[in-house]
Amino acid sequence: MLFLFATRFVRIASMAILGMTTLSVSATDMDPRSYSNIPKNLNFVIAGYANQKGNIAFSPALHIDNAKLETHTAVFAYARSLDFWGKSGKVDVILPAAWLSGTAEVDGKPAERSVNGLTDSIARVYVNLYGAPSLSMKDFASYKQDTIVGISLAVGTPTGQYNPEKLVNLGTNRWYIKPEIGISKAWGDLTAEFAAGMFNFTDNNQPFQGGTLKQKPIYNMQGHLIYNFGKGTWLAVDANYYTGGRTTMDGREANNMQQNWRVGGTFSFPISKQMSIKLNGSTGVYSRTGSSFDIISVAWQYRWGEGL
């Protein structure tokens, strides 16, 4: 149970890739154990690093080809487990920064872009509605998971670096809201999880080479198979699918609906009673728009609170 919150870090790391263009969003969530139960009144701080590298596809109308970008992302996050009227839950806030560089061909001519600064921050709240009562650290010692059903709501804020005269940015210059439902089922040391959510966007009124950018919702599904080795060590195999997100620029709809599959793995292990390390990697296996990138990350977590 030491590393439930550091998976938010992977989302932010992905955001530096997908959010850098105003055409996409961080739909690459791979968050194993998001809906697991944990003791109430615990605090978590997370610091991490991710590297993302690969090809990004843009709208055909922009005449941009062979876009190869690399991003280094640093993340700081805080989370707390809470009691929601007898149900377990948690809140987290994530503050990322990134360093991006890359090359592309614009109208047949080579171009470069290098930028660093803040990316869009995220706040999220989870509530487990079934199968995960709110428990103290003492009572949690005897808890055994069966089936958990939970919901969450994430809000992405336009706090990232953004220049409307540049196509590639670290921020998106808009808000998004993502409701999600998750199910977690345990069979001894093996747990299967599934979550489905939907990104809903506000308009970007300062897009590159346009007046208003609108985007339809992106529908996201993720699945995880997790094995618990005991004493805070676990391994997960992750899969993610997202679709939708077609954009409209000043009333002209683009042919850029997303359909993407990603797979990856996550490994977490403790280094003390209060600290743990998590390693994560993922890669694209199919993309309708031609985007293909890899992500690797490492994160450190420290926890404190009631009963520790």
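The values are calculated or read from the model by the stated rules, or taken from the named source; none is laboratory data. Small disclaimer: the values here were computed from a predicted structure and weren't measured. Using ideal geometry, Cβ is built from the backbone for each residue, glycine included, and neighbour counts are taken over all protein chains shown.
Quick one: Glu193 ticks every box in (1) acidic (Asp, Glu); (2) surrounded by 21 or more Cβ atoms within 10 Å (Cβ to Cβ); (3) modelled with pLDDT under 95 bar one, so which box is it?
Glu193 satisfies every listed condition except (3).
Restricted to region 63-84, and to residues that are modelled with pLDDT under 80 and surrounded by fewer than 18 Cβ atoms within 10 Å (Cβ to Cβ), which residue is nearest to the chain's Cα centre (by Cα)?
Within region 63-84, the first condition is being modelled with pLDDT under 80, and the residues that meet it are 63-69.
Filter once more, keeping what is surrounded by fewer than 18 Cβ atoms within 10 Å (Cβ to Cβ): 63, 65-66, 68.
Details: His63: 29, Asp65: 26, Asn66: 25, Lys68: 21 Å.
So, considering only residues that are modelled with pLDDT under 80 and surrounded by fewer than 18 Cβ atoms within 10 Å (Cβ to Cβ), the one nearest to the chain's Cα centre (by Cα) is Lys68.
Restricting the search to region 242-279, which residues are within 30 Å of Leu42 (Cα to Cα), crowded, with 19+ Cβ neighbours inside 10 Å and out of contact with any Asp or Glu (no Cβ under 8 Å at 6 or more places or on another chain)?
So in region 242-279, the residues within 30 Å of Leu42 (Cα to Cα) come out as 264-279.
Now narrow it down to the ones that are crowded, with 19+ Cβ neighbours inside 10 Å: 264, 266, 268, 276, 278.
Of everything in region 242-279, those that are within 30 Å of Leu42 (Cα to Cα), crowded, with 19+ Cβ neighbours inside 10 Å and out of contact with any Asp or Glu (no Cβ under 8 Å at 6 or more places or on another chain) turn out to be Ser268, Ser276, Lys278.
What about Lys214, is it exposed (fewer than 14 other Cβ atoms within 10 Å of the Cβ), over 24 Å from Lys53 (Cα atoms) and either free of Cβ contacts under 8 Å to residues at least 24 places away in the same chain or more than 17 Å from the chain's Cα centre (by Cα) (or both)? Step through it out loud before you land on a result.
Details: exposed (fewer than 14 other Cβ atoms within 10 Å of the Cβ): no; over 24 Å from Lys53 (Cα atoms): yes; either free of Cβ contacts under 8 Å to residues at least 24 places away in the same chain or more than 17 Å from the chain's Cα centre (by Cα) (or both): yes.
No, not satisfied.
Do we have Ile177 as within 20 Å of His224 (Cβ to Cβ), part of a strand (DSSP E or B) and of a type outside the set (Gly, Ala, Ser) here? Outline the logic, then answer.
Values: within 20 Å of His224 (Cβ to Cβ): no; part of a strand (DSSP E or B): yes; of a type outside the set (Gly, Ala, Ser): yes.
No, not satisfied.
Quick one: is Gln206 surrounded by 15 or more Cβ atoms within 10 Å (Cβ to Cβ), more than 21 Å from the chain's Cα centre (by Cα) and farther than 26 Å from Glu306 by Cα? Give the steps one after another, and end with the answer.
Values: surrounded by 15 or more Cβ atoms within 10 Å (Cβ to Cβ): yes; more than 21 Å from the chain's Cα centre (by Cα): yes; farther than 26 Å from Glu306 by Cα: yes.
In short, yes.
So, in region 262-304, exactly how many residues are of a type in the set (Lys, Arg), over 17 Å from the mean Cα position of the chain (by Cα) and in a strand (DSSP E or B)?
Residues of region 262-304 that are of a type in the set (Lys, Arg), as a first pass: 262, 273, 278, 288, 303.
Among the residues that remain, those that are also over 17 Å from the mean Cα position of the chain (by Cα) are: 273, 288, 303.
With in a strand (DSSP E or B) added as a condition, the list becomes 303.
The total comes to 1.
For a quick check of your reading of the model, give me the residue pairs whose first member lies in region 247-261 and is assigned to a strand (DSSP E or B), whose second is surrounded by fewer than 15 Cβ atoms within 10 Å (Cβ to Cβ) and of a type in the set (Ser, Thr, Tyr), with beta-carbon atoms closer than 7 Å and at least 6 apart or on different chains.
Between residues of region 247-261 that are assigned to a strand (DSSP E or B) and residues that are surrounded by fewer than 15 Cβ atoms within 10 Å (Cβ to Cβ) and of a type in the set (Ser, Thr, Tyr), the close pairs are Asn260/Tyr286; Trp261/Tyr286.
Does any residue of region 213-224 turn out to be part of a loop (DSSP other than H, G, I, E, B) and out of contact with any strand residue (DSSP E or B) (no Cβ under 7 Å at 6 or more places or on another chain)? Don't jump to the end; show me each part of the working.
Just the residues of region 213-224 that are part of a loop (DSSP other than H, G, I, E, B), to begin with: 216-217.
This time we only want the ones that are out of contact with any strand residue (DSSP E or B) (no Cβ under 7 Å at 6 or more places or on another chain), so: none.
The answer is no, given that none of the residues of region 213-224 is part of a loop (DSSP other than H, G, I, E, B) and out of contact with any strand residue (DSSP E or B) (no Cβ under 7 Å at 6 or more places or on another chain).
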